[in-house]
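**Q** I am attaching a structure below and will ask some questions about it afterwards.
The values are calculated or read from the model by the stated rules, or taken from the named source; none is laboratory data. Since this is a predicted model, take the numbers as computed values, not measurements. Backbone-built Cβ (ideal geometry, glycine too); neighbour counts: all protein chains shown.
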Amino acid sequence: MFARELSVSVLLAVLLLVGCAPTPPPDEGSETPRLLSVPADFPTISAAVEAASEGDTVVVEPGVYRETVAIDTAGVTLRGQSRDGVIIDGEVRRGNGVVVSAPRVTVQNLTVRNATQNGVLVTGMRDDDGAPVGGHDGYGAIDPQDFPLLDGFRVDHVTASNNGLYGIYAFNASNGVITDSYASGGADSGIYVGQCDHCDIVVSGNVAERNAVGFEIANAGGDLFVVGNRFAGNRVGATITSDYQEAYVPQSAAALVGNVIAANGQPDTPEQAEGGFGIGVGIAGGTENVVAANLVEANPTAGIVIASAEDIGPTGNRVTGNAFARNGTDAVFAASSRAPGERNCWEGNELTTSEPAGLQELSPCSMPAAVTAVEFSPPSAPVGVAFTDVVEPPSQPDLGPLDAVATPWAGSDDVPEVDVDAISVPTAALLEERAAIRW
């Protein structure tokens, strides 16, 4: 199911490439891709992207830009000339920093902060008024039939900090990547991929720390690869969930492989909505997922917890070849009697403790068997902090200035292939130079 053909190291190298073409004059109406400069050609980023045509590149000089940037033209590249220096600031007044609602858009080498909702939102969904939206209103299920998955996106070398919901949020989107980015201070999660079937999405080389949840999947799967990331120093490291209020229930077929998922018991973080704290990976009603070759370390409550979501039982999840160390309990199976699930298995893990005891012997992947779940009652979480009060992120690697038109993201043809079987357990030093949290 997960046979793809690129190692993490090659994957990260491929995604750094930005092709260039000669820079044409910025003549309005020209069919040749143009380089549009902010503030030299346009006073705001919004004015530049509104003037952009497919294939154009908007380059932004360092400065603080107090606006929401809405990109609804296909094939546009938005590129900061300095990742730390180009700041789109919501001032805790605007809902979103950047909203991408057109296919094959790139957002690259800049910072988004202080949005009341999302730093970067990539979405194929719209509300009744036609405005792009992510997620749900908490009352009714979403029907995606009116809005096909957005086809193609790239979020690369983006810093998203101190945002009221999600730092980087891909919802109802496909054929894309979230790479080499950093997320902190997300009051819901740092990075989120939701509502896609046959997603064809790679999430790689990212650091998420000091969020309520570092990384989150809801109702997303099918060629969804989360590889080579560092989810450390959050309340919860990563979650994979089924949610009736989004389409494509139950969640199915994601791969969480080769990541560092550690020290997720950080108190100076926003409170997690479900009260979770101290957990490395939580699977709630997820199905047919692969959790393999991760370093799961120093999570004070539990390393990996598999549970139910309402009446959706966890089914067919494979936990294999992970390295566990210094967790409260390494692995917990806590499905409910209402939705006990089936065919969940554990094999080849460096397990010291599990609840129930002997999980790998009870249900190895060579012969999955029914397991009697335990009642899991995590300890009370400490009081959190407002997302606005989470400390500023450290300086992040920069792509450098761009002085020519960038090659637009091509969608599925540009999504790198991943061979999960070739990925080994990383060391604790993975992406450490980009992170603030140590343990």
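**Q** When residues of the stretch 177-199 are filtered for being assigned to a strand (DSSP E or B), of a type outside the set (Ser, Thr, Tyr), in contact with a strand residue (DSSP E or B) (Cβ under 7 Å, 6 or more places away or on another chain) and over 18 Å from residue 132 (Cα atoms), how many remain?
**A** So the count comes out to 5.
**Q** Could you list, in sequence order, the residues of the stretch 82-94 that are outside any strand (DSSP E or B) and either in contact with a Gly (Cβ under 8 Å, 6 or more places away or on another chain) or on the phi > 0 side of the Ramachandran plot (or both)?
**A** Passing the criteria: 85, 90, 91, 92.
**Q** Among the listed residues 383, 371, 425, 391, which satisfies the condition of being hydrophobic (A, V, I, L, M, F, W, C), in contact with a helix residue (DSSP H, G or I) (Cβ under 6 Å, 6 or more places away or on another chain) and either more than 27 Å from residue 330 (Cβ to Cβ) or outside any helix (DSSP H, G or I) (or both)?
**A** Details: 383 fails: in contact with a helix residue (DSSP H, G or I) (Cβ under 6 Å, 6 or more places away or on another chain); 425 fails: in contact with a helix residue (DSSP H, G or I) (Cβ under 6 Å, 6 or more places away or on another chain); 391 fails: in contact with a helix residue (DSSP H, G or I) (Cβ under 6 Å, 6 or more places away or on another chain).
The conditions single out 371.
**Q** If the Cβ limit is 6 Å and pairs must be 6+ apart or interchain, which residue in the stretch 414-439 that is of a type in the set (Ser, Thr, Tyr) pairs with which residue that is modelled with pLDDT of 95 or more?
**A** 424/293
**Q** Name the one entry in 323, 334 that is of a type in the set (A, V, I, L, M, F, W, C), farther than 23 Å from residue 427 by Cβ and at pLDDT 95 or above.
**A** So the residue among 323, 334 that is of a type in the set (A, V, I, L, M, F, W, C), farther than 23 Å from residue 427 by Cβ and at pLDDT 95 or above is 334.
**Q** Okay, next question. So the check is Cβ under 9 Å with 6+ separation or different chains; which pairs have a first residue in the stretch 183-209 that's surrounded by 24 or more Cβ atoms within 10 Å (Cβ to Cβ) and a second one that's in a strand (DSSP E or B) and modelled with pLDDT under 95?
**A** Within 9 Å, the pairs are 195/125.
**Q** Identify all residues within the stretch 33-53 that are in a loop (DSSP other than H, G, I, E, B) and either at pLDDT below 95 or surrounded by 15 or more Cβ atoms within 10 Å (Cβ to Cβ) (or both); write none if there are none.
**A** Matches in the stretch 33-53: 33, 34, 41, 42, 44, 52, 53.
**Q** Could you check how many residues of the stretch 359-392 are among the aliphatic types (A, V, I, L, M), over 30 Å from residue 269 (Cα atoms) and either touching a Leu at 6+ places or on another chain (Cβ under 9 Å) or surrounded by 12 or more Cβ atoms within 10 Å (Cβ to Cβ) (or both)?
**A** Counting residues in the stretch 359-392 that are among the aliphatic types (A, V, I, L, M), over 30 Å from residue 269 (Cα atoms) and either touching a Leu at 6+ places or on another chain (Cβ under 9 Å) or surrounded by 12 or more Cβ atoms within 10 Å (Cβ to Cβ) (or both) gives 6.
**Q** Next up: In the set 411, 348, which member is touching a strand residue (DSSP E or B) at 6+ places or on another chain (Cβ under 7 Å) and either polar (S, T, N, Q) or closer than 21 Å to residue 158 by Cβ (or both)?
**A** Result: 411 is the single residue among 411, 348 that is touching a strand residue (DSSP E or B) at 6+ places or on another chain (Cβ under 7 Å) and either polar (S, T, N, Q) or closer than 21 Å to residue 158 by Cβ (or both).
For (1) closer than 20 Å to residue 208 by Cα; (2) not aliphatic (A, V, I, L, M), each residue gets a yes or a no:
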site	(1), (2)
104	no, yes
110	yes, no
120	yes, no
125	no, no
148	no, yes
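**Q** Now, a different point. In the stretch 339-358, is there at least one residue being in a loop (DSSP other than H, G, I, E, B), surrounded by 20 or more Cβ atoms within 10 Å (Cβ to Cβ) and among the β-branched types (Val, Ile, Thr)?
**A** no
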